[in-house]
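Written out below as structure tokens is the structure these notes cover.
Taken together, the values in this text are just the output of simple stated rules run on the coordinates, not laboratory data. Please read these numbers as outputs of a predicted model, since none were measured by experiment. As a convention, Cβ positions derive from the backbone with ideal geometry for all residues, glycine included, and neighbour counts pool all protein chains shown.
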Amino acid sequence: MHDFPVSDIEQCAGWLRESSACVAFTGAGISTESGIPDFRSPGGVWSRSQPVLFQDFLQDEDARVEYWRQKCESHEDFARAEPNPGHRVLANWDARHLLRGVITQNIDGLHQMAGSQHVLELHGTARRVACLECQADWEASAWVEEFRASGNAPLCPECGAWLKHATISFGQALPENVLNEALILSQSADLFFAIGSSLVVEPAASLPRLAARQGARLVIINRDPTPLDETASMVFHHGAGEVLTAIDMAFNDA
Ligand code: NAD
């Protein structure tokens, strides 16, 4: 039995029915139910190790090795993970043209695995490794194995520059084209779901604020309170999968 009011779920299902421009924005919290830890919760990645800053990666061999060590660890989580009910509900809304797109901070590729077609990855993807110079890229597993075998940060076989996962590290600029698309999508939304994000990382956290300012109804689904809870039309401090499933069922029942 869920402890959120059925009337709140029905309200959201009603808004989804009325909406002609619904957008979802997701963070690490939508994937914890797939076994991938988030950063900021107790037991999250940051309680175990500090992320390597982009500048340090560029300047220091020890930092590059530490980066690859951390990535080998998280690679296991990603390789094992399957989409959960939260990812599947969003993919289903995408297939039924109820959703204009998913903007995600996640790097795990689980929205695409669930079948979502319109996904904007603000922080790139950990499924691939890319050269920082010539942009050649490969599936990540082979390079993770290479690092495990050699203990050395790998170099691009094409041009000899550093290889790094195709993700945005702290201190690295977000891809401008993806960010612009995300801004346009958020600006045009009439209903905006912010799911599993602490909403404290900029500029990504400004997207729900922008949508709300432009008149969208903002629905926040996050286990812990966020700085935008006051601005939202509806807030659920519950698991993403159970809330999205309940809204989907209410939508289908009507
Ligand atoms: P965060 O760690 O700052 O916050 C996650 C939020 O999700 C927390 O506030 C927590 O209360 C909530 N949460 C956890 N489990 C939940 C659940 N089952 N249902 C609902 N809410 C839940 O994450 P963030 O704001 O997304 O940002 C940090 C950065 O971490 C992002 O840039 C992202 O690139 C990176 N990251 C990605 C992954 C991934 O790809 N799965 C995992 C860890 C970190």
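Rg over Rh for segment 6-150 works out to 1.04, both radii taken from alpha-carbon positions and Rh defined as the Kirkwood radius. Seen from all directions on average, segment 88-149 presents a Cα convex hull projection of 5.1 nm².
Residues LYS164, LYS71, ranked from the fewest to the most other C-beta atoms within 10 Å, line up as LYS71, LYS164. Centre-to-centre separation between the Cα atoms of segment 24-40 and those of segment 62-117: 9 Å. Backbone geometry of segment 156-169 corresponds, through the Karplus equation with coefficients 6.51, -1.76 and 1.60 at θ = phi - 60°, to 3J(HN,Hα) couplings of 5, x, 7, 10, x, 7, 6, 9, 8, 4, 7, 10, 8, 7 Hz, x marking Gly and Pro.
When the convex hull of the Cα atoms of the chain is projected onto a plane and the area is averaged over all directions, what value comes out in nm²?
With the hull built on Cα positions only, its mean projection is 13.6 nm².
For chymotrypsin sites (Phe, Trp or Tyr not before Pro), the sites in segment 142-228 that DSSP calls loop and that have at most 14 other Cβ atoms within 10 Å are PHE170.
For VAL119, the residues whose modelled amide H falls within less than 5 Å of its own, excluding neighbours fewer than 5 places apart on the same chain, are VAL102. Length available on full extension from ARG96 to ARG80: 0.36 nm per residue minus the Cα-Cα distance, which gives 2.9 nm. Per residue, the convex hull spanned by the Cα atoms of segment 113-254 amounts to 155 cubic angstrom.
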